[in-house]
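Values quoted throughout were computed directly from the atomic coordinates according to the rules given, and no laboratory measurement underlies them. Values in this document were obtained by computation on a predicted structure and should not be read as measured data. We place every Cβ from the backbone using ideal geometry, glycine too, and count neighbours over all the protein chains shown.
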Amino acid sequence: MADELTVTRNDDARRYEIHVGDELGGFLEFRAIDDDRTALPHTEVDPAFKGRGLGSALASEALSDLARRGGSVIPSCPFVAHYLREHDVPGLVIEWPNDDAAADSAGPGEPS
């Protein structure tokens, strides 16, 4: 049986975390710009878990949670920007950063 994936929001660390069983497999950082806007600057997956889809699972759950909370997101992380270009997240309002060069260069692979 595969290890269970769990995504939680850690407000103290200002990030969403994905756990594989009891192990931290990765995180997606968030920064409140103001009451209505949240920046997403960085996503990281532990190299031990690369290639298992943790980055996409983490992005999916985190972005769905942010959509439920309202406001808008600014995807400055290239992985998150690429994810959003490929996947619809119902109810999510996206404010694309002014510099799309980094987002356009993001490939479909796992985040750093």
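Return a whole-number percent for the relative contact order of the chain, with Cα pairs under 8 Å and 6 or more residues apart as the contact set.
Details: 209 pairs, mean separation 24.7, N = 112.
Relative CO of the chain lands at 22 percent.
Return one quarter of the surface area of the convex hull spanned by the alpha-carbon atoms of segment 2-61, equal to its mean projected area, in nm².
On the way: hull surface 17.1 nm².
Mean projected area of the Cα convex hull: 4.3 nm².
Determine the dipole magnitude for the chain: charges of +1 sit on the beta-carbon of Lys and Arg, -1 on that of Asp and Glu, nothing else is charged, the reference point is the Cα centre, and the result goes in debye to the nearest 20.
Working: 10 positive and 22 negative charges, 24 e Å.
It works out to roughly 120 debye.
Using the basic label-point model (7 angstrom from Cα toward the beta carbon), what is the E4 to D34 distance in nanometres?
4.1 nm
In the chain, what % of DSSP beta bridges are antiparallel (nearest 5)?
Numbers: 19 of 24 bridges.
Around 80 percent antiparallel, to the nearest 5.
Which cross-chain or sequence-distant (5 or more) residues have an amide H under 5 Å from the amide H of V73, H modelled 1.01 Å from N in plane?
T38, V93, I94, E95
Note the angle between two axes, namely the Cα long axis of helix 54-69 and the longest principal axis of the Cα atoms of the chain, as a number of degrees from 0 to 90, rounded to the nearest 10.
Helix 54-69 sits at roughly 50 degrees to that axis.
Of the listed peptides 48-57, 82-91, what is their order by residue-averaged count of other C-beta atoms within 10 Å, with the highest listed first?
Values: 48-57: 16.8, 82-91: 14.6.
Listed from highest to lowest mean packing, they are 48-57, 82-91.
Rounded to whole Å and ordered largest first, report the semi-axes of the equivalent ellipsoid of segment 5-105 derived from its Cα gyration tensor (root of 5λ). Could the numbers behind the result be given before it?
Details: eigenvalues 86, 49, 29 Å².
Rounded to whole Å, the semi-axes are 21, 16, 12.
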